[in-house]
Amino acid sequence: MGTWDIGPFDNDTAADFAYTLDEAAPEERENLVRATLVRAIRTQEYLESPEGAEVVAAVALIAAQCPGGEPVTTSYGPDEALPTFAADLRMLAIDALDRVLAEESELADLWDEAVDGPKWRQSIRRLRAVFDPEPEPQAEVLFDI
């Protein structure tokens with residue numbers, strides 16, 4: 001699988017994706033991220049592992065720009081500056097991650113067979129939660145009448 005850990009950039013495919021972003025013209029970087037997400041969403045058949053790994057990496061970059069998102073600090077991530085991503089990428093990120101976790105996904109299948117599969121799924125759920133956080137419990141307000 002060319003994978004050494006559960007992080008979004010802890011595999012050869014994601015590191016290559018970061019390199020592709022670095023090599024692209026600055027104005028093309030958002031288009032590359034968008035195309036990665038859309039390609040996965042539109043895949044009707046089995047989603048292959050490399051496409052899934054690219055989705056996870058792309059989503060991590062988008063999440064890093066959101067409240068509650070973790071910055072991408074690994075040396076395997078992009079070195080060059082990324083644009084501020086358009087807000088509509090957040091919904092695409094949710095749909096693409098859901099596709100990566102779906103039954104017809106090689107990446108999910110491979111992780112389900114691995115010892116660290118549950119940790120990987122938990123990391124993906126945390127990543128997705130940046131875009132779709134659990135609502136904060138509301139404090140009960142008591143009124144004296």
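The values are calculated or read from the model by the stated rules, or taken from the named source; none is laboratory data. Only a predicted model underlies this, so the values are computations on that prediction, with no experimental measurement involved. We place every Cβ from the backbone using ideal geometry, glycine too, and count neighbours over all the protein chains shown.
If you check L47 against the conditions, is it of a type outside the set (D, E, K, R) and within 19 Å of G117 (Cα to Cα)? Can you show your working first?
On the way: of a type outside the set (D, E, K, R): yes; within 19 Å of G117 (Cα to Cα): yes.
When the stated conditions are applied, L47 passes them.
Within the range 72-113, track down each residue that is closer than 25 Å to D22 by Cβ and small (G, A, S). If you could, list the steps in order and put the result at the bottom.
Pass one, the range 72-113, residues closer than 25 Å to D22 by Cβ: 72-90, 92-93, 96-97, 100, 107.
S75, G77, A81, A86, A87, A93, A96, listed by residue number.
From F9, F17, grab the single residue that is more than 20 Å from Q122 (Cα to Cα), touching a Phe, Trp or Tyr at 6+ places or on another chain (Cβ under 9 Å) and not aliphatic (A, V, I, L, M).
On the way: F9 fails: more than 20 Å from Q122 (Cα to Cα).
Sole residue among the options that is more than 20 Å from Q122 (Cα to Cα), touching a Phe, Trp or Tyr at 6+ places or on another chain (Cβ under 9 Å) and not aliphatic (A, V, I, L, M): F17.
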Would you mention how many residues in the range 90-140 are modelled with pLDDT of 95 or more, part of a loop (DSSP other than H, G, I, E, B) and buried (at least 18 other Cβ atoms within 10 Å of the Cβ)?
1
Just to verify a result, which residue in the range 53-89, among those that are in contact with a Phe, Trp or Tyr (Cβ under 7 Å, 6 or more places away or on another chain) and among the polar types (S, T, N, Q), is modelled with the highest pLDDT?
Q65
Any idea which of D88, D95, D79 is under 18 Å from A14 (Cα atoms), touching a helix residue (DSSP H, G or I) at 6+ places or on another chain (Cβ under 9 Å) and of a type in the set (D, E, K, R)?
D79
